[in-house]
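Encoded as structure tokens, the structure appears first; notes follow it.
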């Protein structure tokens, strides 16, 4: 690119390649170009060897800049370059720019407002969904033949049997940890033997069910969302509807029922494993023999400690399964929403489980068990 | 159109097998510079596999592939990288990055390979959006806000971001309505002429074959059974080719193409 002043105007000579690799350098060159004051400016493009879109954009920019000062006309522009130049003239990059944002405080407050609206709307939808599931459950109870037995058993295997190893291991380790931490503290008062009470009450009333519910929410709640969500992406859920079937009855009810049956069983298993872990650690760290441990256990807890844990299980199960299915059915027709809603399903079900647990605590203390 | 006898893609003795089942067995193919090559074949004849192998997404069992002078199989990474900068690929549904706007999608390869000022990046992206016939406002939208046809155009804009020499199109008109498909054909043809592109197009669309392809390669029996301009294939004795080009849908497409030609020449005369 070189500029020459001539009689009655100026001549801009374009040479070489105007392509992407040169674009940054050429852009600076155009920026630095000092404008001629002539009335006529000829742009000699005969020496232009190669031109790509970036080059054409730059040429367009050049003409735009010079055109304000001088009367620009092209010389010897090759037809294929003309075609490219025609494509880029009158483009409007501003149209693609994101709209200007409000200031931080306004954005924060409006975001907060939207979150509140979103939360309330979501709560209303979820409650409506629970209603539909209950309705479907009642209808199925009236006509038990409509229950999808195979599907229910399949989900019981998936959510129950296959979760045994991880639930057992976690509960066992928690029993170990409780006994060990308790032993450390209680030894200071010479009250080692109360380790049994500590382990038994905490595992049976709270930890057994809570940890199992959290593991199941992560394992099965997410799986429900992903399964139903990918069916939604594939339009399988719509197909179910057009075949005259009810997705709630076909997809949701077997899962809810399966989880409500398996979570109490898993909780029972977790209780046993937690006590075994506690007993083992009590034996190792405090020389409390298993025989002594279980004799002491008999005095430490009543049947109600165990029942308090077990009563919560089906309620938590229903919450986890319904949140999982609800979020699954909310998936739109893109794969991205499957991932987003799966995450949300896990977070929401764990949150709801803990809220429900707190409500249960208040309830049980009010009735005095 | 000026057709140089320069080869852009040379495939020799390609063997692709999955789980012992051979999809390609000794496949040879040449794609000339500046031509639009349509690749057709029945389901499962490995059209998409061939495309993926040429662009280096699939490692073949045997054979050699030369893409714009780079050896895509035996060569080093630098050569492959060099070749990849000079090609553009339009996947079936556009394969746009869903979290970025269309304009940002187009800027991804530009930012990766070149250091350019921001305003220039935006201007180039806007030019590409205009080139593929999208409204300017499409640049600020994310892919899920676009219709299928617009997504294909946006995908094409991203494929053209680096001003490639060769463009690969995987079923570009699949899923478009006939009007949208015809418009996309015209777009590919116009851009091919304007930018001097070589186009490798996998397609099922007979209308596209008639409308824009210079040559057609037929994949069957694990190799390229026949390759040539459309008229030369019409007389080919192979039963699949006969069925393909003389079936009811092919006749309809041919009639449409002839009618369009006639209308075009009539318009020119008047």
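For the pair residue B:18 and residue A:343, label points projected 7 Å from Cα toward Cβ lie 3.1 nm apart.
Taking a ≥ b ≥ c as the square roots of the eigenvalues of the Cα gyration tensor of chain B, is the shape rounded (a/c under 1.5), prolate (a/b larger than b/c) or oblate?
Oblate, since a/c reaches 1.5 and b/c is not below a/b.
Between A:22, A:206, A:299, find the one with the highest GNM mean-square fluctuation for chain A; connect C-alpha pairs within less than 10 Å. So, out of A:22, A:206, A:299, the one fluctuating most is A:22.
Based on the alpha-carbon gyration tensor of the protein assembly as shown and its eigenvalue square roots a ≥ b ≥ c, which shape applies: rounded if a/c is under 1.5, prolate if not and a/b is larger than b/c, or oblate? Prolate is the answer for the protein assembly as shown, as a/c is 1.5 or above and a/b outweighs b/c. Note on the range B:66-216: semi-axes of the ellipsoid equivalent to its C-alpha gyration tensor, largest first and rounded to whole Å, are 23, 22, 13. Using Cα pairs closer than 8 Å and at least 6 residues apart in sequence, work out the relative contact order for the range B:1-144, in percent. Worked out over the range B:1-144, it gives 18 percent. Relative contact order (percent) for the range A:145-367, with alpha-carbon contacts under 8 angstrom and 6 or more residues of separation? Once divided by the residue count of the range A:145-367, the mean separation gives 35 percent.
Extension gain, residue A:363 to residue A:112, is 87.1 nm, computed as 0.36 nm per intervening residue step minus the present C-alpha separation. Inter-label distance, residue A:32 to residue A:287: 8.9 nm, where each label sits 7 Å from its Cα along the C-beta direction.
Label-to-label distance for residue B:79 and residue B:144 is 4.3 nm, based on points extended 7 Å past Cα in the beta-carbon direction.
Under the 0.36 nm per residue contour assumption, what length would be gained going from the current alpha-carbon distance of residue A:194 and residue A:303 to full extension?
Values: separation 109, 0.36 × 109 = 39.24 nm, distance 1.82 nm.
Using 0.36 nm per residue and subtracting the Cα-Cα distance, I get 37.4 nm.
Peptide B:136-143 has a mean shielding of 3, counted as Cβ atoms of other protein chains within 10 Å of each residue's Cβ.
Which of rounded, prolate, oblate describes the range B:39-115, given a ≥ b ≥ c as roots of the alpha-carbon gyration tensor eigenvalues and a/c under 1.5 marking rounded, otherwise prolate only if a/b is larger than b/c?
In terms of gyration-tensor shape, oblate.
The mean number of partner chain beta-carbon atoms within 10 angstrom of a residue's beta-carbon across peptide B:94-105 is 1.
Coordinate-derived values only; no laboratory data. This is a predicted model, so every value here is computed, not measured. Don't worry about glycine lacking a Cβ; one is built from the backbone with ideal geometry, like all the others, and counts go over all protein chains shown.
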